[in-house]
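Encoded as structure tokens, the structure appears first; notes follow it.
The values are calculated or read from the model by the stated rules, or taken from the named source; none is laboratory data. Because the structure is a prediction, the values reported are computed rather than measured. Note: ideal-geometry Cβ built from the backbone for every residue, glycine included; neighbour counts use all protein chains shown.
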């Protein structure tokens, strides 16, 4: 008779087959009651709504939303097709955010369909899906992005709510910048007789300094006999000149975020001491913080059913808490890697103290930090050598976060932009706060992004003569919630205040983080 661990391994084999077919959302009919029961009990499945499940990590604690947020869009894409076929689309507002590169998990996803029921379906962790009865738009207005049916870019801009221009101005501006020619949007405006919306879009294009498109829309609508009243739907002028040559929204989006957030960061910025004259004294102070800094370092986990996991289960060496000996080895290699990375980070600081541009130093050196951070784990066989070959080549998710990090292509588009922004920025505290935030917003690596982001923050703090500042593990909730608010709501205020509080304490010789 098969042992319990062998039975669970058998169930995991079936789960992996579904996963390999990219079936993150799983229907009741796709797993027998016996397999489903085993996987639920072991924590490898979570129920979403009656008859539907998602893959989970067995060592997730109660209340951990990671697997749900990581699976959200995959779940919705399959669930909606099963329920509504090809006769649904997500709202214009949500479509516009998708086109703008914002894939954060919404609190409520509004779905429109002739088969809609004007009812709300509760989903895990305070999210929900509202099904609204609506007539199908023309086929030309519907596109499929990441297996989600949504309105096209132009239809999204035409039909989105007025509130989007103030509540989600970064998204709307990034989307507007994707319009290359007035004909893309003028034709549907004329076909629909959207004179009031045309006036709003003329003002919006003028706000982002796309005068030609604005004038051509105005001229085209006026020539057709419409009375156009131009209005600017944004609250403020666009802070930078957006490039209309970008093929994706991400570059403009990162630039907008930086320039829209920097004034808030400056508001809370402690006065910079300036580059120290005594470099040796400054570096000794950095070295003195090592033990405390290493102790408070955090890590981010990712979840996936692997052949190795299945074999561990089959052999009986798996348990929900993880293999203790493996854990000790991983911890030891992580500690060794942190020490090695710190040595090269200090070299970067010395370059900046000697007058080199901090953004250029980071650009040139951050890859070395990463190699040292994970080098011992490669030597120990915990991770593959190829995992250190530049930026990630697959999706990654952040524990308990609604923010979905940028896709692989967008990572390669935006990292050079981050370094350009760091090179051009004149305020050291802005470099530190926004450098850290945007680095983890992009999430360029499979693992270690938090540690790398904090290294970046402290190297940028050094450019203003600020002391090395540790983010205490005791303040983890505040830290993570403020990053989440910045990532999902585009509100950097809490994160700026939090870092300013820690830096001020360090400057007064009373750092918050202690062992």
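Here are the numbers for this structure:
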quantity	calculated
Selection count, segment 1-40, where residues are surrounded by 13 or more Cβ atoms within 10 Å (Cβ to Cβ), at pLDDT 85 or above and in a loop (DSSP other than H, G, I, E, B)	1
Test for residue 22: is it without any contact (Cβ under 8 Å) to a residue 12 or more places away in the chain and out of contact with any helix residue (DSSP H, G or I) (no Cβ under 7 Å at 6 or more places or on another chain)	no
Hits in segment 201-218 (condition: surrounded by fewer than 21 Cβ atoms within 10 Å (Cβ to Cβ) and farther than 13 Å from residue 242 by Cβ)	203, 212, 214, 215, 216
Any hit, segment 258-269, residues being in the same structural domain as residue 338 (by TED's automatic domain parsing), in a loop (DSSP other than H, G, I, E, B), modelled with pLDDT of 95 or more and in contact with a helix residue (DSSP H, G or I) (Cβ under 7 Å, 6 or more places away or on another chain)	yes
Members of segment 123-178 that are in a strand (DSSP E or B), touching a residue at least 60 places away in the same chain (Cβ under 8 Å) and either more than 19 Å from residue 250 (Cβ to Cβ) or outside the structural domain of residue 205 (by TED's automatic domain parsing) (or both)	149, 151
Residue within segment 95-109 that is outside the structural domain of residue 402 (by TED's automatic domain parsing), under 20 Å from residue 159 (Cα atoms), touching a residue at least 60 places away in the same chain (Cβ under 8 Å) and in contact with a strand residue (DSSP E or B) (Cβ under 7 Å, 6 or more places away or on another chain) present	yes
Any chance residue 56 is over 21 Å from residue 83 (Cα atoms) and at pLDDT below 90	yes
Residues being more than 25 Å from residue 465 (Cβ to Cβ) and assigned to a helix (DSSP H, G or I) - total across segment 352-383	11
